[in-house]
Amino acid sequence: MKKYLSVFKISFAQEFAYRLNFIMWRVRNVMQIILVFFLWDTVFSNPGRVLFGYDRAKILTYVFGIMIVKSLVLSARAADVAGDIYRGDIMNHLLKPMSYFKFWFTRDISSKALNLLFAVGEFAFLFIILRPPFFLQTDLLALFGFFLSIALAIFIYFNLLFMTSSIPFWAPELGWGSHFLITAIVIEFLSGSLFPIDILPLTIQKILFISPFPYLIFFPIQVYLGRISGSVLLGGLAISLFWAITLWLVMNFIWNKGLRAYQASGR
Amino acid sequence: MDKAILVDHLVKNFEVTEKTPGLMGAFSTLLSPKKKVVRALKDISFSVSKGELVGFIGPNGAGKTTTLKVLSGLLYPTAGITQVLGFDPWERRPEYLKRISLVMGQKNQLWWDLPAIETFELNRAIYEIPKKVYKESLDELVTLLEVEKLLNIQVRRLSLGQRMRLELVAALLHQPEILFLDEPTIGLDLVAQEKIRNFIYDYNRKHSATILLTSHNMDDVIDLARRVIVIDDGRIIFDGILDELIARFAKEKIIKLTLTKEIDTKELEKIGKVKSIQFPEVILRVPRSAAAVAASELLQSFPVGDLTIEEEDIEDVIRVVFRGEAKKLSRK
Ligand SMILES: Nc1ncnc2c1ncn2[C@@H]1O[C@H](COP(=O)(O)OP(=O)(O)OP(=O)(O)O)[C@@H](O)[C@H]1O
Ligand SMILES: [Mg+2]
């Protein structure tokens with residue numbers, strides 16, 4: 001356990017080594033939020049308007065929710081794993097008496113902690129300048145469901161990342177592209193981080209809700225907003241849990257195969 | 001158990017996809033990849049006793065690095081058995097990894113953006129080194145490798161040689177019993193090479209560590225290893241004492257003369273190949289079996305002030321071995 005505390009600390013130090021980079025990235029984040037905010041603010045310029053069951057307060061909460069949930073779920077250091085394999089740096093880790101997954105998971109958590117810290121600051125800043133009508137959840141059960149779904153989402157995303165990152169074991173030159181495809185397109189689109197999924201046709205929604213993707217962003221936010229509760233909440237959590245376990249097993253299977261096929265090239 | 005490393009009929013094949021150039025080529029590679037098998041290790045066997053320091057040499061692409069990677073558990077062997085300290089390296093058990101270290105000349109484990117001391121602290125935690133042992137170990141390594149002043153400087157700002165020495169510290173903090181060194185002196189200046197060599201020598205003595213060392217720098221091998229394993233094209237072509245390698249593969253001896261008078265060098269050609277003349281010094285190469293006869297003839301018929309018979313340079317011998325002439329010899 002102490003090992004991973006040290007990993008946590010050094011990761012934190014590492015994040016600060018690229019201060020400027022980090023700040024630029026945060027600025028980009030804020031700009032993105034402002035853009036999306038004004039988009040929806042225009043759509044809902046008429047205060048009485050309700051679209052797809054979202055009024056102005058809820059859609060804006062959704063937008064701010066995305067900011068927090070994304071920085072918790074989709075910001076992951078483990079996105080570097082593909083490069084780690086491709087460059088051969090993974091050898092350094094494999095030679096150590098330490099689990100490679102736990103190493104990256106710890107680095108993820110440390111990076112998420114840092115992100116959360118900043119996201120809260122940005123949140124306060126944007127809140128003050130934009131003054132959005134904000135929906136505060138007070139129901140403890142909903143809050144508990146929210147945190148549980150976030151934890152599951154983090155774990156599901158970690159496994160998805162590790163699975164796509166294993167491609168360079170077999171095809172070193174494909175690594176980056178496939179990675180981009182999965183994270184940028186599939187996840188941004190299907191997780192609900194661009195738009196709420198429940199504005200899509202019902203059949204598509206039904207299919208999506210069997211997949212793990214909505215449980216990354218959309219589901220936690222809906223739970224927070226109180227739009228999902230009771231048996232639907234339990235059902236959703238069960239599907240999340242199912243995916244968390246299944247993806248963990250599949251990921252381990254793939255990695256065992258991958259390490260065997262690994263050619264340790266590039267050094 | 002006195003055998004630290006055991007390799008038995010080890011085979012390692014790499015599967016590579018052949019690329020066709022151009023865009024269409026890239027597509028056809030993607031759709032119907034042409035696989036080619038590279039046979040990096042073709043059935044090699046050897047063993048190393050505890051505390052032994054063995055030089056592992058061979059030309060580029062011979063399979064040295066591949067062997068070290070299999071032994072340290074990075075590569076899954078295609079066939080054959082490997083056992084190190086009684087462990088199967090591939091399982092990469094923590095108890096095993098805590099007792100070995102692989103140092104590669106071009107590999108960085110140090111965190112690039114942070115001072116080296118941060119990596120050392122991390123390794124202390126990962127290897128679960130007790131505080132006291134860590135302190136002693138660090139002090140010793142830092143003093144021997146003369147890196148006191150470098151510990152708190154961002155690694156990216158260091159020179160290659162400085163970094164290499166710090167890499168060694170990072171790799172040895174946990175005091176491994178088995179050390180795989182892959183070209184540890186690559187790219188270093190002569191002083192730094194000497195430093196690292198001395199250090200390896202001391203480490204081997206002090207900790208009775210078993211060391212497998214590859215290098216293209218023959219000084220490393222000559223200074224450090226008594227026993228060498230020569231590998232070429234995935235096969236072991238020699239395994240024995242360094243002196244034996246020379247006795248077996250050196251076909252010539254070197255005769256060095258000091259002349260007292262200038263003479264027609266054509267005459268010397270009749271006795272052996274003239275390697276160099278810088279009056280009054282002459283160096284001749286003669287077949288091993290004819291060395292004595294040649295020497296006595298030189299003394300009789302030439303104005304010789306001084307004469308010595310020497311073995312060929314190890315480097316020259318090894319060059320012969322690498323050039324493949326050894327394969328013919330070893331097949332006899
Ligand atoms: N990842 C890999 N994929 C495909 N072929 C490989 C890979 N790694 C090594 N090889 C091939 O295996 C053979 C042995 O390589 P290896 O790196 O072990 O040589 P070496 O003895 O260390 O050479 P050098 O002195 O140049 O370091 C070479 O023919 C090399 O091309
Ligand atoms: Mg090599």
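The values are calculated or read from the model by the stated rules, or taken from the named source; none is laboratory data. Being a predicted model, the structure only gives us computed values, none of them experimental. Because the Cβ atoms are built from the backbone with ideal geometry, glycine has one as well, and the counts that use them run over all protein chains shown.
Numbers for the structure displayed
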read-out: Count of region B:84-115 residues which are outside any loop (DSSP other than H, G, I, E, B), more than 8 Å from chain A (Cβ to nearest Cβ) and in contact with a Lys or Arg (Cβ under 8 Å, 6 or more places away or on another chain); value: 1
read-out: Checklist (1) without any contact (Cβ under 8 Å) to a residue 60 or more places away in the chain; (2) within 10 Å of chain A (Cβ to nearest Cβ); (3) within 11 Å of ligand 1 (Cβ to nearest atom) applied to B:Lys36, failing item; value: (2)
read-out: Total residues in region B:144-177, condition within 19 Å of B:Glu118 (Cβ to Cβ) and assigned to a helix (DSSP H, G or I); value: 17
read-out: Subset of region B:173-216 that is more than 13 Å from ligand 2 (Cβ to nearest atom) and within 12 Å of the chain's Cα centre (by Cα) - its residue that is modelled with the lowest pLDDT; value: B:Thr185
read-out: Flag for B:Ala125 being among the aliphatic types (A, V, I, L, M) and more than 8 Å from chain A (Cβ to nearest Cβ); value: no
read-out: Qualifying residue in region B:58-77 (condition: more than 16 Å from ligand 2 (Cβ to nearest atom) and more than 8 Å from chain A (Cβ to nearest Cβ)); value: yes
read-out: Residue in region A:94-108 that is within 30 Å of B:Gln106 (Cβ to Cβ) and among the small types (Gly, Ala, Ser) present; value: yes
read-out: Boolean, B:Asn123 is within 21 Å of A:Ser99 (Cβ to Cβ) and not hydroxyl-bearing (Ser, Thr, Tyr); value: yes
read-out: All positions within region B:128-143 that are buried (at least 19 other Cβ atoms within 10 Å of the Cβ) and either facing chain A (nearest Cβ under 8 Å) or part of a loop (DSSP other than H, G, I, E, B) (or both); value: B:Ile129
read-out: Selection within region B:249-292 - polar (S, T, N, Q) and more than 37 Å from the chain's Cα centre (by Cα); value: B:Thr260, B:Thr265
read-out: Filter result (assigned to a helix (DSSP H, G or I), touching a Lys or Arg at 6+ places or on another chain (Cβ under 9 Å) and under 21 Å from B:Lys206 (Cβ atoms)) within region B:116-127; value: B:Asn123, B:Arg124
read-out: Any chance B:Ser45 is surrounded by fewer than 17 Cβ atoms within 10 Å (Cβ to Cβ), modelled with pLDDT of 95 or more and more than 16 Å from ligand 2 (Cβ to nearest atom); value: yes
read-out: Among the residues listed as B:Gly305, B:Gly272, the single one being over 30 Å from B:Lys64 (Cα atoms), touching a Leu at 6+ places or on another chain (Cβ under 8 Å) and exposed (fewer than 12 other Cβ atoms within 10 Å of the Cβ); value: B:Gly305
read-out: In region A:16-46, the residues that are over 26 Å from A:Phe127 (Cα atoms) and of a type outside the set (A, V, I, L, M, F, W, C); value: A:Tyr18
read-out: Selection from region A:195-225 of residues that are assigned to a helix (DSSP H, G or I), buried (at least 21 other Cβ atoms within 10 Å of the Cβ) and of a type outside the set (A, V, I, L, M); value: A:Phe213, A:Pro214, A:Tyr215, A:Phe218, A:Phe219, A:Pro220, A:Gln222, A:Tyr224
read-out: For B:Gly51: the one exception among (1) more than 16 Å from ligand 2 (Cβ to nearest atom); (2) among the small types (Gly, Ala, Ser); (3) over 25 Å from B:Leu245 (Cα atoms); (4) surrounded by 15 or more Cβ atoms within 10 Å (Cβ to Cβ); value: (3)
read-out: Helices (runs of 4 or more DSSP H) contained entirely in region A:89-167, each with at least 1 residues that are acidic (Asp, Glu) and touching a His at 6+ places or on another chain (Cβ under 9 Å); value: none
read-out: Complete set of residues in region A:65-89 that are within 14 Å of chain B (Cβ to nearest Cβ) and surrounded by fewer than 23 Cβ atoms within 10 Å (Cβ to Cβ); value: A:Arg77, A:Asp80, A:Gly83, A:Asp84, A:Arg87, A:Gly88, A:Asp89
read-out: B:Glu128 out of contact with any strand residue (DSSP E or B) (no Cβ under 9 Å at 6 or more places or on another chain) and among the acidic types (Asp, Glu); value: yes
read-out: Test for B:Thr119: is it buried (at least 20 other Cβ atoms within 10 Å of the Cβ), away from ligand 2 (no atom under 16 Å from the Cβ) and farther than 26 Å from B:Met218 by Cα; value: yes
read-out: In region B:58-83, residue farthest from B:Arg163 (Cα to Cα) [restricted to those that are more than 10 Å from ligand 1 (Cβ to nearest atom) and assigned to a loop (DSSP other than H, G, I, E, B)]; value: B:Thr78
read-out: Residues located in region B:227-250, provided they are at pLDDT 90 or above and closer than 21 Å to B:Gly51 by Cβ; value: B:Arg227, B:Val228, B:Ile229, B:Asp239, B:Gly240, B:Ile241
read-out: Every residue from region B:217-248 that is over 12 Å from the mean Cα position of the chain (by Cα) and of a type in the set (Val, Ile, Thr); value: B:Ile236, B:Ile237, B:Ile241, B:Ile246
